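Single-structure report; data block below.
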Amino acid sequence: MSSYDADRYSRQTRFAPLGAVGQERLVAARIAVVGCGALGSVVAMALARAGVGFLRLIDRDLPERSNLPRQVLFDEADVAAGLPKAVAAAKCLARISSTVTVEPVVTDLTAANAMDLLSGVDVIVDGTDNFEARFLVNEVACRHDIPWVHGGALGAEGRVLAIIPGKTACLRCLIPDPPAPGSLPTCETAGIIGPAALVVGAVEAAEAIKLVVGPHDTAGRMLVCDLWASAWRTVDLSPLAEAGCPTCRSADFPWLDGRLGGRPTPLCGRDAVQVPAVVGSVDLAALAERLATVGAVVANRWIVRADVEDGIQLSVFADGRAIVSGTRDEARARGIVSRYLGA
Ligand SMILES: [Zn+2]
């Protein structure tokens, strides 16, 4: 007797490399998806549909109208409601599958919470848009021997790499020095087409499924694709794995230790800046009352969002973080946070 609905999953169990044994492993699997934007939406949807038993969705952001061309779990009603992405995604996935347990976590992945959020899962999937979160994931993965899938999409291009600590190259083997903020094109500056995100998210989901079902013999081969040029290739990173790096060879964890990272960050694809929590947790109900005297307010149990100045929206989360929309100027964002939160 199987622990899952055999009829529902009959087409994928008939695929011999997965089979009934693989399906049992998927049902028992715990997977964390970091970031619920373009990539994370696709990954989470594919994994929920595949029958993965537990998904933890970690995201710090709110859906915006400009997300809708590629972020498949959200619609116009979610944007209007001001629901955090992780929560809106969980609601959508619950309609797709009643057997998957989805745990939405509305937070920024930081050195302070990365170990708690990621160490108890079987596989981690990268749905983020920033290097700080990716390096935190890499360090937790290397520290706890958790396989993970790195993915990125920009313009019409994408890349995906499955990483098995101790066996394949890790992210730091591939990128020894993280790029300085603002030095690389982002989906805000270079744009992105929806199909690039769909392809990368789908390949990431396939890699995650292979890691759960096992054995995954092609981990460490990076897919690089360009949909506009119709070019697809894989790059064998085993020479990098042989050399190793301080993180995967010598347990050097600069992001987890707090030696790197932790600054205000412009949010990819948005005219917005995230300002880290300064004062700790916030009484959202009281804040909503205060900000209602300034401008229109949307409030729920996760956030308060207010039109505070001309063209500027301030969203404050219960953990004290704020996102200032309508500017990319970090100093101005900090100023707005201190003006309205008194921080
Ligand atoms: Zn490494």
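Miscellaneous remarks
- Alpha carbon centroid spacing (whole Å) that separates the stretch 56-103 from the stretch 212-249: 30
- Cα gyration tensor shape for the stretch 271-341, rounded if a/c is under 1.5, else prolate or oblate: oblate
- Relative to the longest principal axis of the Cα atoms of the chain, the long axis of helix 19-28 makes an angle of roughly 30 degrees.
- Each residue in 232, 302, 148, 255 was given a count of other beta-carbon atoms within 10 angstrom of its own, and listing them fewest first yields 232, 302, 255, 148.
- Contact order normalised by residue count of the chain, Cα under 8 Å, 6+ apart, percent: 15
- The chain: equivalent-ellipsoid semi-axes (sqrt of 5 x gyration tensor eigenvalues, Cα, Å): 33, 24, 19
- Rounded tilt (10° steps) of 38-50 against the dominant C-alpha axis of the chain: 50
- Considering helices alone, the calculated mean residue ellipticity of the chain at 222 nm is -10000 deg cm²/dmol, with DSSP H runs of length four and up weighted by -39500 (n - 2.57) and normalised per residue.
- Principal-axis analysis of the Cα atoms of the chain puts helix 330-341 at an angle of about 60° to the longest axis.
- Most mobile listed residue (75, 116, 319) in the chain, GNM with C-alpha springs under 10 Å: 116
- Environment charge at residue 39 (Cβ cut-off 10 Å; Lys +1, Arg +1, Asp -1, Glu -1): -2
- Taking the average, over residues, of other Cβ atoms within 10 Å as the packing measure, peptides 209-215, 53-59, 11-17 rank 53-59, 209-215, 11-17 from highest down.
- Value of relative contact order over the stretch 271-341, rounded to a whole percent, pairs C-alpha under 8 Å and six or more apart: 37
- Comparing mean-square fluctuations of 231, 90, 50 from a GNM of the chain with C-alpha springs under 10 Å, the top value falls on 231.
- The GNM of the chain, with springs linking C-alpha atoms under 10 angstrom apart, assigns the highest mean-square fluctuation among 26, 47, 291 to 291.
- The residues neighbouring residue 195, those whose beta-carbon lies less than 14 Å from its own, together hold a net charge of -1 under the Lys/Arg +1, Asp/Glu -1 convention.
Coordinate-derived values only; no laboratory data. These numbers come from a predicted model, not from an experiment. A quick note on method: Cβ atoms are made from the backbone with ideal geometry, for glycine too, and the neighbour counts reach across all protein chains shown.
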